[in-house]
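Please read the structure below before turning to the comments.
The values are calculated or read from the model by the stated rules, or taken from the named source; none is laboratory data. On a predicted model such as this, the values are computed, not experimentally measured, just so you know. Methodologically, a virtual Cβ is constructed for each residue, glycine included, from the backbone with ideal geometry; neighbour enumeration extends over all protein chains shown. Note: accessible area is taken over every heavy atom of the protein model, side chains too, but ligands, DNA and RNA are not part of it. Shrake-Rupley method; radii C 1.70, N 1.55, O 1.52, S 1.80 Å.
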Amino acid sequence: AWEAARHPNIQIEVIDAEFDDNKMGQVIDTWVAKQYDGIVLWPSREAPMGPPVDRAIDAGIPVVSVDRRTSSEKISSEVLGNFYANGLQEGLYLKEVLKEGNIVLNRKDLGSTADSIRTGAFLEVIGNVDGFKIQGNYHTNSQRTLAFQSTADALQAFNDISVSFNTGGEEA
């Protein structure tokens, strides 16, 4: 928004779909109907965004996905974080400093690119260590209130938790 405001020939519309895939799909379809020049998207999950992104691209509107993938094979561009390195580094660090322990996974919503890649890399490292045990696995849709409740539930359910592995800022 800051950069766009510096250019009088650029207009932007920012919509928060509030983690609702259907709402985001409807927003994209509205933008297609309005014949926008381009769409920058920060999807919550991959799969549901594929069809609306395909419709936009089929209408000649380039779509850039930021921080998350979509399931569209037609996507114009993706700007992604290094989720694999995040999980890998966390796993290597944990393996070095703790060597063993009971772990609770407090994750983003099921189907999130960041979650699946980050958690996969983490498990790739610690999954081969005999001393680590996954006690619980929670998905919280990137909402602090739900993440807090999942953590509270885990602390009530398990009496010996060494590590809470969190895949996002809200979960942490």
Fluctuation leader among Ala85, Ala33, Ala121 - the chain, Gaussian network, Cα springs under 10 angstrom: Ala33
For the chain, take the longest principal axis of its alpha carbons; what is the angle in degrees between that and the long axis of helix 83-97, to the nearest 10 within 0 to 90? 10 degrees
Determine the alpha carbon to alpha carbon distance for each of Lys23/Lys108; Lys108/Lys133; Lys74/Lys133 and list only those over 28 Å. Lys74/Lys133
Please work out which option in (1) 1.07; (2) 0.99; (3) 0.97 gives Rg/Rh (Cα atoms, Kirkwood Rh) calculated from these coordinates, and answer with its label. (1)
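Suppose R0 equals 22 Å. What FRET efficiency, 1/(1 + (r/R0)^6) with r the Cβ-Cβ distance, do Tyr84 and Asn141 give to the nearest 0.05? Show your work: numbers first, answer last.
Numbers: r = 22 Å, r/R0 = 1.01.
That gives a FRET efficiency of 0.50.
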Rounded Å value of the spacing that divides the Cα centres of region 130-148 and region 149-172: 5 Å
Amide H to amide H under 5 Å from Gly81: which residues, 5+ apart in sequence or cross-chain, H placed 1.01 Å off N in plane? Asp67
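Can you tell me the relative contact order of region 1-103? Whole percent, Cα pairs under 8 Å, sequence separation 6 or more. Walk me through the intermediate numbers first.
Working: 122 pairs, mean separation 19.3, N = 103.
Relative contact order of region 1-103: 19 percent.
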Net charge dipole size for the chain [Lys, Arg +1 and Asp, Glu -1 on Cβ; Debye, nearest 20]: 100 debye
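Tell me, what is the per residue accessible area of region 94-172 in Å², probe radius 1.4 Å? Could the numbers behind the result be given before it?
Working: 4150 Å² over 79 residues.
Per residue, region 94-172 has 53 Å² of solvent-accessible surface.
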How high is the relative contact order of the chain, in percent, counting Cα pairs under 8 Å that sit 6 or more residues apart? 18 percent
Taking square-rooted eigenvalues a ≥ b ≥ c of the alpha carbon gyration tensor, is region 62-155 rounded, prolate or oblate, where a/c under 1.5 means rounded and, failing that, a/b exceeding b/c means prolate? oblate
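Summarise the accessible area of the chain (1.4 Å probe, protein heavy atoms) by the percent that is carbon and sulfur.
Numbers: 5090 of 10130 Å².
On the chain, the fraction of accessible area on carbon and sulfur atoms equals 50 percent.
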Say we join alpha carbon atoms closer than 10 Å with springs in a Gaussian network model of the chain; which of Glu18, Glu46, Glu124 then has the biggest fluctuation? Glu18
Please check: in the Gaussian network model of the chain (C-alpha springs, under 10 Å), which one of Glu90, Glu13, Glu100 has the largest mean-square fluctuation. Glu13
How far, in degrees from 0 to 90, does helix 144-157 lean away from the longest principal axis of the Cα atoms of the chain, to the nearest 10? 20 degrees
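Length gain on complete extension for the stretch Phe158 to Val129, per 0.36 nm per residue less the alpha carbon to alpha carbon distance? Numbers along the way, then the final one.
On the way: separation 29, 0.36 × 29 = 10.44 nm, distance 2.05 nm.
Gain in length upon complete extension: 8.4 nm.
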So, how do all the Cα-to-Cα distances of region 46-112 break down into 10 Å bins, in percent, from 0 on up? 17, 36, 23, 16, 7, 1
Taking the Cα centre of region 1-93 as origin, sum charge times position over the Cβ atoms of Lys and Arg (+1) and Asp and Glu (-1), and report the length of that vector in debye to the nearest 20. 140 debye
